[in-house]
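The values are calculated or read from the model by the stated rules, or taken from the named source; none is laboratory data. The structure presented is a predicted model; accordingly, all values stated were derived computationally and were not measured. Glycine gets a Cβ as well: all are built from the backbone with ideal geometry, and neighbour counts include every protein chain shown.
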Ligand code: UD1
């Protein structure tokens, strides 16, 4: 197992290229199951979660080839040999549930393991299932698996989501493209990854309107065809690296970034004393003073402040002047990075869905443990501004969602290296 060692090394400067979005790619890949013609995704990120989705699709009989050093994924599902998504793969990654809607819509049946709990909360899939049921699917939960059938095909329906779910919107959107008649998704998620999925599906021949708003309308078609689609920029990787100069000082340009992807987050950075400027090639981020100021943050569905940047933002606020309150409204139990940051000298009080962070002058390097994907990168960010060495273990979490962190941060002046846990 690997660990990452970071040593505080002063201000950063240079450019960091931002990859295609993991979360967009994880929903674009299962879209291949909707058609028997090839789907090519460009600008794909090179991450272990993407390899897990490839393995899952291959286990169903789809062909997946990674070309151009993994940046291009060539997918084809011209005949599925298996309609069961096995627990052994699904348990590794919740996004596996996204094969359910497409498989059911195209072939009228699918069996998918329930993903089970995960470190950041219960994360059920009831909304995915209810949406498919509304479209006429019969569902049976047996032995930890969802057995879904719609032998005569899915039917268009009005789906009212009681709460905003990214994954349930994606599953329902994909399924509705091949349903008979019109589907309306009310209270749909508005994330850029949903917009990207809708654009790709439209290239495949789907009839969709309203993506990016809370009401998406889909007119079902008989079949979808092949397409080539570039994966949208990863707004979470973008936001994460925007925090690097905010924490360590200096000025860094994030190549490929746009303000529209991270507007609510950039507003908070500005309020904390960090300048964010759009350039022709990306976003430039500069810390204005020696220390940032405290700001309060509430996580919300897009276009609000993303829960996937909450841990990283907390790392910044640990050394802010004043006291900040972070409120997590999307996932319970998503403050597991707090005790680790406290090992580095941070002053954090977690109470229910709130964390109160009182800024300290300086953090101190310490051995810390990554508990989930975003938590692990928050510890690396904190290490950029800490005195001495921060050693982050269990970085397999990190490799699920960040490609070449050492290289990207090292190129802008950070002292960071990866080593074997026993080395
Ligand atoms: C996606 C992202 C994840 C991000 C999250 C919220 C991917 C692969 N993952 O996850 O990185 O943190 O959006 O922005 O895109 N819920 C239910 N029932 C359901 C589904 C969800 O109660 O059937 C609840 C969840 O427990 C959570 C909330 O709804 O409290 C939002 O979850 P959701 O938007 O579905 O997250 P994911 O799609 O799993």
How many residues does region 31-51 contain that are in contact with a helix residue (DSSP H, G or I) (Cβ under 7 Å, 6 or more places away or on another chain) and closer than 21 Å to residue 403 by Cβ? 8
Name the residue, out of 182, 135, 93, that is buried (at least 17 other Cβ atoms within 10 Å of the Cβ) and more than 10 Å from the ligand (Cβ to nearest atom). 135
Please go through (1) touching a residue at least 40 places away in the same chain (Cβ under 8 Å); (2) assigned to a strand (DSSP E or B); (3) more than 13 Å from residue 335 (Cα to Cα) for residue 357 and return the number of the only condition it doesn't satisfy. (3)
Only one of (1) out of contact with any helix residue (DSSP H, G or I) (no Cβ under 8 Å at 6 or more places or on another chain); (2) over 22 Å from residue 26 (Cα atoms); (3) outside any strand (DSSP E or B) is not met by residue 253, so which one is it? (3)
Quick one: how many residues across region 329-345 are over 26 Å from the mean Cα position of the chain (by Cα) and surrounded by 20 or more Cβ atoms within 10 Å (Cβ to Cβ)? 1
Residue within region 282-297 that is touching a residue at least 40 places away in the same chain (Cβ under 8 Å), part of a helix (DSSP H, G or I) and either near the ligand (Cβ under 10 Å from one of its atoms) or over 24 Å from the mean Cα position of the chain (by Cα) (or both) present: no
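Listed here are the residues, each with its yes/no results for (1) part of a loop (DSSP other than H, G, I, E, B); (2) modelled with pLDDT of 95 or more; (3) touching a strand residue (DSSP E or B) at 6+ places or on another chain (Cβ under 8 Å).
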position: 25; (1), (2), (3): no, yes, yes
position: 28; (1), (2), (3): no, yes, yes
position: 37; (1), (2), (3): yes, yes, yes
position: 40; (1), (2), (3): no, yes, yes
position: 50; (1), (2), (3): no, yes, yes
position: 54; (1), (2), (3): no, yes, yes
position: 61; (1), (2), (3): yes, yes, no
Given the structure, is residue 148 away from the ligand (no atom under 13 Å from the Cβ) and buried (at least 19 other Cβ atoms within 10 Å of the Cβ)? yes
Residues in region 344-353: is at least one under 27 Å from residue 193 (Cα atoms) and either away from the ligand (no atom under 12 Å from the Cβ) or in contact with a strand residue (DSSP E or B) (Cβ under 8 Å, 6 or more places away or on another chain) (or both)? yes
For region 214-236, which positions are within 15 Å of residue 159 (Cβ to Cβ), more than 16 Å from the ligand (Cβ to nearest atom) and assigned to a strand (DSSP E or B)? 215, 217, 218, 219
Within region 316-328, the residues that are surrounded by fewer than 24 Cβ atoms within 10 Å (Cβ to Cβ) and within 16 Å of the ligand (Cβ to nearest atom) are 327, 328
Residue 408 passes all but one of (1) within 12 Å of residue 315 (Cα to Cα); (2) touching a residue at least 40 places away in the same chain (Cβ under 8 Å); (3) in a helix (DSSP H, G or I); which number fails? (1)
Can you tell me how many residues within region 250-275 are surrounded by 18 or more Cβ atoms within 10 Å (Cβ to Cβ) and farther than 23 Å from residue 8 by Cα? 7
Every residue from region 207-249 that is without any contact (Cβ under 8 Å) to a residue 60 or more places away in the chain and either in contact with a helix residue (DSSP H, G or I) (Cβ under 8 Å, 6 or more places away or on another chain) or under 15 Å from residue 41 (Cβ atoms) (or both): 208, 211, 212, 216, 242
Residues satisfying the stated conditions in region 385-402, i.e. at pLDDT 95 or above and farther than 16 Å from residue 3 by Cβ: 387
Surrounded by fewer than 20 Cβ atoms within 10 Å (Cβ to Cβ) and within 15 Å of the ligand (Cβ to nearest atom): does that describe residue 195? yes
Show the residue pairs meeting these rules: Cβ distance below 6 Å; 6+ apart or different chains; first residue within region 364-376 and closer than 19 Å to residue 9 by Cα; second residue part of a strand (DSSP E or B) and more than 15 Å from the ligand (Cβ to nearest atom). 364/386; 364/387; 365/386; 365/389; 365/390; 367/391; 368/392
Hits in region 149-172 - residues which are free of Cβ contacts under 8 Å to residues at least 60 places away in the same chain and not in a loop (DSSP other than H, G, I, E, B): 149, 155, 158, 159, 160, 168, 169
